[in-house]
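First the structure, in the form of structure tokens, and then the observations on it.
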Amino acid sequence: MDWQFLAFSLAKILVVFAVVMTMVAYAVLVERKVSAFIQDRVGPNRANPFFARYIPYLGMKLVRWGIFQPMADALKAILKEDYTPAHVRKVYFWIAPALAMVPALLTLAVIPFGSQLGAQKMVIADLDVGVLYTFGIVSLGVYGIVLAGYAANSKYPFLGGIRSSAQMISYEIAMGLSVIPVFLLVGSLNLSDVIGAQSGSLLAWHVFKQPVAFFVFLVAAFAETNRLPFDLPEAETELVGGYHTEYSSMKFALFFLGEYAAMISVSAMMVTLFFGGWTLPFLGLDQPAQSLWVGLLHILIFFLKLCVLLVGIIWVRWMLPRFRYDQLMDLGWRRFIPVALANIVVTAGVLAMMHR
Amino acid sequence: MIVERKPLNLAERLYIPAVANGFKVTWRHFKRTLFEGRTAAGDTAGGFHPEVPWRVGEGYRGAPYLVRDQDGATKCVSCQLCEFVCPPKAIRITPPGPDGAPADRRNAEKMPREFEINMLRCIFCGYCQEVCPEEAIFLQRDYSLSGTSRAEMIYDKEKLLALGGAHAGLRKWKQKEDEARAQEAFPPAAS
Ligand code: SF4
Ligand code: SF4
């Protein structure tokens, strides 16, 4: 290990972390704005810091668009009283929010978010078993929620925790099975290779080659990130707030941020696995960049694809009602797992026929 | 009536119409708000809350205030039923005691020396209005109460009476009073 590698990795980690945290903050804003527009409201449009006045022309527009709202939210989360109820199990109560937040961020380590800048590959860890790592980490995400439900020591969080453990474990299977055909096609578990295999034409994107796999992955992703229509662990209408009912201030904010960070990381996974990552199938944008500008352009492409998926996920939340719990389990075990298995068999069969 | 549940066809079981219609509806609203600048508040009230206060209808159950009768006298007789019934214990009444000031209403035995409602505790349930035998306390149309300290949110008798205004309701002892007056007159008026 040389110093240069260490320095560059550290720089990449810092930049990715900063960008993702900013994205999380603004994903919350987008969520609030989109929900507001869908419900004939205007959403946050009042956060007006003292310096907004001095930004020429744009200042008041930014205020109206709520651009400063995340700052106000963050300030509020930090300054609020951090209340620990007397009946909780303290140790677990304290580590649960961190456990909910960390896995979502860790999965981002293997996502190639650009081709290269100079000689540096734009991925934090170019693992050969990238996707195995991802699934390993994603399955840790359930611990934060289960521990939170257990630690809170009251009934609604407990129910939320139980639901989420069942839900996340079942959908992990469907999710893991759904991507196997993709790797059968690519022949490698390295995510950079997966992107390489999707260059050439638009039809090379796995979303067109493997629509079934994509669909199963998409649905499982909703379940894994606890988003509507599968947000049963927190189902506000039945469980108050689910597993984070007893949390306040920054600990609650960590759960909240964790949810959005998880959304970002599954969207990044989807972009990488199914939408060709940082490539675009024209203008030669599907080859690793030779110049700095093309490298930056690749990052921008990745970012835009990510944003489109994020808005899609957010939109679905305001479009579909919540599933019932038994329907959810039924869907996971009796529909998606068989479909994903059949997809594997068919893909393997077709591949075997073609390579004979 | 029994609603017959038709079996779903394949497309319906795959949620295709649900997703399509859901998108249609959400997009319609999204478009209308974002591009045409129309909102529910704008359409119904003509603006947003702090600038354009929301006008509530008659009979709205907002903050409970004490009322005066048509002669400007305090209606409350300090029976303390409302204090007793109030679920969150928001009301505190100090009765006049044996040597307090007499009621400013004739034929009423007493009136409270102090009457406090803690608006931070009040849940606007309306039990006080319901239980009051004198129609002296009513939930009125104020819904947006704010203050800069907790002490400021405890409304005292004076404030409650000032905010409550006069009430055109029943004057419970009016007839008794009129009768008493009539009996004192001599010779009695022919009926
Ligand atoms: S409205 Fe209900 S809570 Fe409020 S003062 Fe009356 S009884 Fe108490
Ligand atoms: S407001 Fe009504 S119920 Fe309450 S003390 Fe006065 S007379 Fe009695």
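A quick yes/no check of all residues on (1) over 16 Å from A:MET263 (Cα atoms); (2) open to solvent by 10 Å² or more (accessible area, probe 1.4 Å); (3) outside any helix (DSSP H, G or I):
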{"site": "A:VAL194", "(1), (2), (3)": "yes, no, no"}
{"site": "A:LEU203", "(1), (2), (3)": "yes, yes, no"}
{"site": "A:VAL207", "(1), (2), (3)": "yes, yes, no"}
{"site": "A:VAL212", "(1), (2), (3)": "yes, yes, no"}
{"site": "A:PHE217", "(1), (2), (3)": "no, no, no"}
{"site": "A:ALA220", "(1), (2), (3)": "no, no, no"}
{"site": "A:ALA223", "(1), (2), (3)": "no, no, no"}
{"site": "A:ARG227", "(1), (2), (3)": "no, no, yes"}
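Suppose we filter B:ARG106, B:ARG181 for residues that are outside any loop (DSSP other than H, G, I, E, B) and open to solvent by 50 Å² or more (accessible area, probe 1.4 Å); which single one remains? Quick ask: steps written out before the conclusion?
Values: B:ARG106 fails: outside any loop (DSSP other than H, G, I, E, B).
That would be B:ARG181, the only listed residue that is outside any loop (DSSP other than H, G, I, E, B) and open to solvent by 50 Å² or more (accessible area, probe 1.4 Å).
So, in the range A:24-62, exactly how many residues are within 14 Å of chain B (Cβ to nearest Cβ) and open to solvent by less than 30 Å² (accessible area, probe 1.4 Å)? Result for the range A:24-62: 10. Exactly one residue out of A:GLY277, A:GLY258, A:GLY295, A:GLY242 is touching a strand residue (DSSP E or B) at 6+ places or on another chain (Cβ under 9 Å) and more than 14 Å from chain B (Cβ to nearest Cβ), and it is A:GLY295. Contact map, the range B:132-152: first residue within 12 Å of B:ASN118 (Cα to Cα) and touching a residue at least 60 places away in the same chain (Cβ under 8 Å), second residue within 12 Å of ligand 1 (Cβ to nearest atom) and not acidic (Asp, Glu), Cβ cut-off under 7 Å, separation 6 or more or different chains; pairs are B:LEU145/B:ALA63; B:LEU145/B:MET119. No other residue among A:GLY59, A:GLY66 is in a loop (DSSP other than H, G, I, E, B) and at pLDDT below 85 apart from A:GLY66. One residue alone among B:TYR65, B:TYR60 is over 21 Å from A:GLY43 (Cα atoms), among the hydroxyl-bearing types (Ser, Thr, Tyr) and either in contact with a His (Cβ under 9 Å, 6 or more places away or on another chain) or open to solvent by 70 Å² or more (accessible area, probe 1.4 Å) (or both), and that residue is B:TYR60. Considering the range B:31-70, and only residues there that are within 30 Å of B:LYS157 (Cβ to Cβ) and among the basic types (Lys, Arg), the residue that is modelled with the lowest pLDDT turns out to be B:ARG55.
Set side by side, the residues B:CYS76, B:CYS128, B:CYS122, B:CYS86 differ, and just one is buried (at least 18 other Cβ atoms within 10 Å of the Cβ), closer than 25 Å to B:ALA180 by Cα, touching a residue at least 24 places away in the same chain (Cβ under 8 Å) and within 15 Å of ligand 1 (Cβ to nearest atom), which is B:CYS76. I'd like to know if the range A:154-175 contains one or more residues that are outside any helix (DSSP H, G or I), surrounded by fewer than 24 Cβ atoms within 10 Å (Cβ to Cβ) and at positive phi. Looking for residues that are outside any helix (DSSP H, G or I), surrounded by fewer than 24 Cβ atoms within 10 Å (Cβ to Cβ) and at positive phi, one finds none in the range A:154-175, hence no.
Looking across the range B:93-103 at every residue that is assigned to a loop (DSSP other than H, G, I, E, B) and within 18 Å of B:LEU160 (Cα to Cα), the one that is nearest to ligand 1 (Cβ to nearest atom) is identified as B:PRO95.
When the helices (runs of 4 or more DSSP H) confined to the range B:10-61 are screened for residues that are at the interface with another protein chain (Cβ under 9 Å from one of its Cβ atoms), those reaching at least 3 such residues are found at B:16-36, B:40-44.
Consider B:LEU160 carefully, then state whether it is aliphatic (A, V, I, L, M), in contact with a Pro (Cβ under 6 Å, 6 or more places away or on another chain) and surrounded by 10 or more Cβ atoms within 10 Å (Cβ to Cβ).
No, not satisfied.
The values are calculated or read from the model by the stated rules, or taken from the named source; none is laboratory data. On a predicted model such as this, the values are computed, not experimentally measured, just so you know. Neighbour counts are summed over all protein chains in view; Cβ atoms, including those assigned to glycine, are modelled from backbone coordinates with ideal geometry. Each accessible area value is taken on the protein alone, full model and side chains, heavy atoms only, with ligands, DNA and RNA left out. Shrake-Rupley method; radii C 1.70, N 1.55, O 1.52, S 1.80 Å.
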